[in-house]
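Just so you know, all these numbers are worked out from the coordinates, no wet-lab data involved. Since we're looking at a predicted model, the values are computed, not measured. Quick reminder, even Gly has a Cβ in these numbers, built from the backbone with ideal geometry, and neighbours come from all protein chains shown.
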2 protein chains.
Amino acid sequence: MGVLQNTQIVLASRPVADIDPKAAFRTQKVSLSDELGPGEFLVKVLYVSLDPAMRGWMRDVRSYIRPVQIDEVMRSSDVAQVIKSNNKDYRVGELVRASCGWQEYQVLKPSEDVVKIKIFPGISPSSYLGVLGLTGLTAYFGMFEVGEIAAKGGPNCTVVVSGAAGATGSVAAQIAKHVFGCRVIGIAGSDDKCEYLVKELGLDVGLNYKSKTFFKDLCAATPKLIDIFFDNTGGDILDCCLRRIAFKGRIVVCGAISTYNDVVPKGPAYYSALITQRARMEGFIVFDYAKKYGKALEDMSNWIKEGKLKTRETVIHGLENAPEALVKLFKGENTGKMLVKVAEETTASRL
Amino acid sequence: MGVLQNTQIVLASRPVADIDPKAAFRTQKVSLSDELGPGEFLVKVLYVSLDPAMRGWMRDVRSYIRPVQIDEVMRSSDVAQVIKSNNKDYRVGELVRASCGWQEYQVLKPSEDVVKIKIFPGISPSSYLGVLGLTGLTAYFGMFEVGEIAAKGGPNCTVVVSGAAGATGSVAAQIAKHVFGCRVIGIAGSDDKCEYLVKELGLDVGLNYKSKTFFKDLCAATPKLIDIFFDNTGGDILDCCLRRIAFKGRIVVCGAISTYNDVVPKGPAYYSALITQRARMEGFIVFDYAKKYGKALEDMSNWIKEGKLKTRETVIHGLENAPEALVKLFKGENTGKMLVKVAEETTASRL
């Protein structure tokens, strides 16, 4: 039996507006006994997922999940490796996805929240926080269940995705483009990202929302208006897309990252286009589709193999940099999935 | 053959924000020959309907119907009486509903837009602009098709209606209460109206949105949150209801009268509740359900006879007062349907 020094980052105070990482979080070292009860196993965290939804978890309001409490380890979805085990189903060296949060080690028991990672060629463990994690599943179910792309998709269907260079947006946009053959316009925050959307991901158009001619460009790119708008950002982009929404158009409200730091966000001024265009705006949470994850992951794995789904990651090194990395996510400094690498995977030969 | 002096009110300029009735409209007298072509008939307008949607028609933007043009007679739905006819299906003395607009006379031909009014006991001709007109149909299809009340309704279903003392809201609220037995909270702009909602229409609660304790009162009235919000007003009321929306709740976006005079309206700041509560916000236009009008009017006529649907009208006398009456509608000075009475019906004995 031994005792580990476990570094944790806890929520120190609730930010009112923008996150000040020094005020919002506190690092602490605690002792963790590696003594395991029946069925338990000890993991070390390899990757921490950073997600826009985290801003909501820091807020003390009614939501789909209880808020992170003050002095509690910041919640996150992680990829972790089993380093000691009292459970024959979770052997030393194996990888799991679990909500360990922002810390180095955790003792786990089997639960719905702990998912074993299947390793197959060409797919990195960190993919299980991205395209094969909740991020990718969010894109999948948003497009299928809320956007109803299986019924609406095709060459006559115009799809616009905001945050299109981000982890969820890039998957949503590629499903619309390469699985359903829609006309797909991706919106992002830099010319480099827009180039990535078109040249790398194969979208029809990439639009920089920071451009002065953004709304004009959006109009030019959507001559037949917008049938499905998959929105990750909210704010002015949502308003622009409401002004271009088609008859019976769908707005998949996946996220609203541009507003998450606002005390009272600016709502979509043009929402009454929902009336004139008989359009629908609908939100969702990926957890509601848990029973369908298997089929979704099978589809997505196949699309990756077929080259229909490409992904990128922005990896920040060191758990201590997680607070700063979260701030960077809200500034849009990532392309694709934003991750913090906490530790190296221990390879089989060294176990 | 004769010539009639026909008073018309035309759109003189497009209001930018609040309607200044003197600037926005102009009255003119034109000569109208009563000579009729084949199948034509001459009507005199009895009642003009005033509707929040008119504000949108005055705006030169993409919408569900073309804008009223400058110098064109202001569009409205009217009840009119045939006073001369060249068509055996439209006899002198009969009543029709048609879009004659703000004028005294018009020569009509049969069209989809001209609907003969069936007279039956206890129902006034003006009802064909209210509960048995587009207003009532709007309430009906909003509740059934968008709110899906037939699937969701019942004693465990909490329904909130804004503009509940208005023409559409009062019908929507009574359908939820007396046809489906829901818990129904009506929102209106005065204590008198709230009393009317509870004592006269039989709703569970009437809430005055001008009260300082409105949000607190709404919370107290919706202990099980809001399953269906039928919204006629938008603005702060919409935000309050978003904050109380239930899991999988529906927001039927019928209108947004509180915002129609705004240059750039304030959007719903709390729309991200759509995400956390997996809720849906959807707009509609009654015209899309034209094929189902027959069944709807039969249902509504029955509910009137059974005492399940009660209505009130606010009648302003004189076509010349139509512009001021429209302004009053936006100030919420009406209870129930807002109408302008233009002329007396000529009774059979005098024809």
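Taking R0 as 41 Å, what FRET efficiency do you get between residue A:70 and residue B:287 from their Cβ-Cβ distance, rounded to the nearest 0.05?
On the way: r = 53 Å, r/R0 = 1.30.
E between residue A:70 and residue B:287, to the nearest 0.05, is 0.15.
With r as the distance between the Cβ atoms of residue A:61 and residue A:124 and R0 = 25 Å, compute the FRET efficiency 1/(1 + (r/R0)^6) and round to 0.05.
On the way: r = 36 Å, r/R0 = 1.42.
In this case the efficiency is close to 0.10.
Under 14 Å from the 7 Å Cα→Cβ point of residue A:224, by amide nitrogen: which residues of segment A:128-169?
Label zone hits: A:152-160.
Taking the convex hull of the alpha carbon atoms in the protein assembly as shown, what volume per residue do you get, in Å³? Walk me through the intermediate numbers first.
On the way: hull volume 120.9 nm³, N = 702.
In the protein assembly as shown, the Cα convex hull volume per residue is 172 Å³.
Fully extended, how many nm does the chain gain between residue B:99 and residue B:20 (0.36 nm per residue separation, minus their Cα-Cα distance)?
26.1 nm
What are the ³J(HN,Hα) values, in whole Hz, obtained from phi via the Karplus relation 6.51 cos²θ - 1.76 cosθ + 1.60 with θ = phi - 60°, for each residue of segment A:227-237 in sequence order, with x given for Gly and Pro?
Each residue of segment A:227-237 in turn: 7, 10, 10, 9, 9, 9, 10, x, x, 4, 5 Hz.
Search the structure for amide H atoms under 5 Å from the amide H of residue A:336, placed 1.01 Å from N in the peptide plane, and list their residues when 5 or more places away or on another chain.
Hits under the 5 Å cutoff: A:166, A:167.
Would you kindly derive the ³J(HN,Hα) couplings of segment B:302-307 from the backbone phi angles with the Karplus curve 6.51 cos²θ - 1.76 cosθ + 1.60 (θ = phi - 60°), listing them in order in whole Hz, with x for Gly and Pro?
Calculated HN-Hα couplings, in order: 4, 5, 4, 4, 7, x Hz.
Hey, got a sec? Which trypsin sites (Lys or Arg not before Pro) in segment A:85-117 land in a DSSP loop and have at most 10 other Cβ atoms within 10 Å? Walk me through the numbers before you get to the answer.
Details: sites: A:88, A:91, A:97, A:116; in loops: A:88, A:91.
Those that pass, being in a loop and sparsely packed, are A:88.
Got the residue A:318 label distances to the other copies yet, label 7 Å along Cα→Cβ, in nm, shortest first?
Residue A:318 label point versus its equivalents elsewhere: 8.1 nm.
Please build a GNM for chain A, connecting alpha carbons under 10 Å apart, and tell me which residue among A:140, A:128, A:90 fluctuates the most.
With Cα springs under 10 Å in chain A, the top fluctuation among A:140, A:128, A:90 is at A:90.
What shape does segment B:279-319 take by its C-alpha gyration tensor, where a ≥ b ≥ c are the square roots of the eigenvalues and a/c under 1.5 counts as rounded, a/b above b/c as prolate, and the rest as oblate? Don't jump to the answer; show the numbers that get you there.
Values: a/c = 1.75, a/b = 1.25, b/c = 1.39.
It comes out oblate by the Cα gyration axes.
Would you order B:214, B:141 from fewest to most other beta-carbon atoms within 10 Å of each residue's own beta-carbon? Write out the running numbers ahead of the final one.
Details: B:214 16, B:141 23.
Listing B:214, B:141 from fewest to most nearby Cβ atoms yields B:214, B:141.
Going by the rotation axis that takes chain B to chain A, pick out the residue of B with the closest C-beta and quote the gap in whole Å.
B:267, 1
What nm distance separates the two modelled labels at residue A:248 and residue A:88, each placed 7 Å from Cα along Cα→Cβ?
Inter-label distance under the simple model: 5.7 nm.
In the Gaussian network model of chain B, springs joining C-alpha atoms below 10 Å, which of B:118, B:177, B:337 carries the largest mean-square fluctuation?
B:118
Give me the distance between the Cα centres of segment A:267-308 and segment B:292-351, rounded to whole Å.
Going from one Cα centre to the other spans 43 Å.
Distance from a point 7 Å along Cα→Cβ of residue A:3 to each backbone N in segment A:21-37: keep the residues under 14 Å and list them by number.
The answer is A:29-35.
Using only Cα atoms, locate the centre of segment A:6-82 and the centre of segment B:182-250, then give the distance between them in Å, rounded to an integer.
Cα centroid of segment A:6-82 versus Cα centroid of segment B:182-250: 38 Å apart.
Which one, B:258, B:269, B:163, projects farthest toward the positive side of the charge dipole computed for segment B:162-279 from Cβ point charges (K/R +1, D/E -1)?
The listed residue farthest towards the positive side: B:269.
Which FRET efficiency, nearest 0.05, do residue B:320 and residue A:213 yield, Cβ-Cβ r, R0 45 Å? Mind dumping the intermediate values first?
Details: r = 48 Å, r/R0 = 1.06.
About 0.40, to the nearest 0.05.
In peptide B:254-263, how many Cβ atoms from other protein chains are near each Cβ within 10 Å, on average?
Rounded to a whole number, the mean comes out at 1.
Out of B:294, B:318, B:169, any idea which swings most in a Gaussian network model of chain B, alpha carbons joined below 10 Å?
B:294
Quick one: with label points 7 Å out along Cα→Cβ, list the inter-copy distances for residue A:295 in nm, shortest first?
Here the equivalent label points are 2.9 nm apart from this one.
Please list, in chain and number order, the residues 5+ apart from residue B:207 or on another chain whose amide H is under 5 Å from its amide H, with Hs placed from the backbone.
Under 5 Å from the amide H of residue B:207 lie the amide H atoms of B:186, B:187, B:188, each far enough along the sequence or on another chain.
Take residue A:299, project a point 7 Å from its Cα along the Cβ direction, then tell me which residues of segment A:230-246 have their backbone nitrogen under 13 Å from it.
none
Take peptide A:281-289, look around each residue's Cβ out to 10 angstrom, count Cβ atoms belonging to other protein chains, and average those counts.
Numbers: counts 10, 9, 12, 5, 5, 0, 1, 3, 0.
Mean number of neighbouring Cβ atoms from other chains: 5.
Which of rounded, prolate, oblate describes segment A:1-135, given a ≥ b ≥ c as roots of the alpha-carbon gyration tensor eigenvalues and a/c under 1.5 marking rounded, otherwise prolate only if a/b is larger than b/c?
Details: a/c = 2.10, a/b = 1.38, b/c = 1.53.
It comes out oblate by the Cα gyration axes.
Give me the one-decimal Kirkwood hydrodynamic radius in Å for segment A:19-86, with the sum taken over alpha-carbon pairs.
On the way: mean 1/r = 0.0691 Å⁻¹.
Result for segment A:19-86 stands at 14.5 Å.
Residue B:156 label points, 7 Å along Cα→Cβ, one per copy: pairwise distances from this copy to the rest in nm, shortest first?
Shortest to longest, the spacings are 4.2 nm.
Dipole of segment A:1-148, Cα-centred, from +1 at each Lys and Arg C-beta and -1 at each Asp and Glu C-beta, to the nearest 20 debye? Before the final figure, lay out each step's value.
Working: 17 positive and 17 negative charges, 35 e Å.
For segment A:1-148, the charge dipole is close to 160 debye.
What range in chain A is the longest one free of GluC sites (Glu not before Pro) that are in a loop by DSSP and have at most 11 other Cβ atoms within 10 angstrom? Show your work: numbers first, answer last.
On the way: sites that count: A:112, A:306, A:344.
Between the exposed loop sites, the longest stretch runs A:113-305.
Mind jotting down the three principal axis lengths of segment B:194-307 based on Cα atoms? Whole angstrom, largest first.
So the extents along the principal axes, rounded to whole Å, are 39, 33, 32.
Per the Kirkwood definition applied to all pairs of different Cα atoms, how many angstroms is the hydrodynamic radius of chain A?
Working: mean 1/r = 0.0477 Å⁻¹.
Averaging 1/r across every pair of different Cα atoms and inverting gives 21.0 Å.
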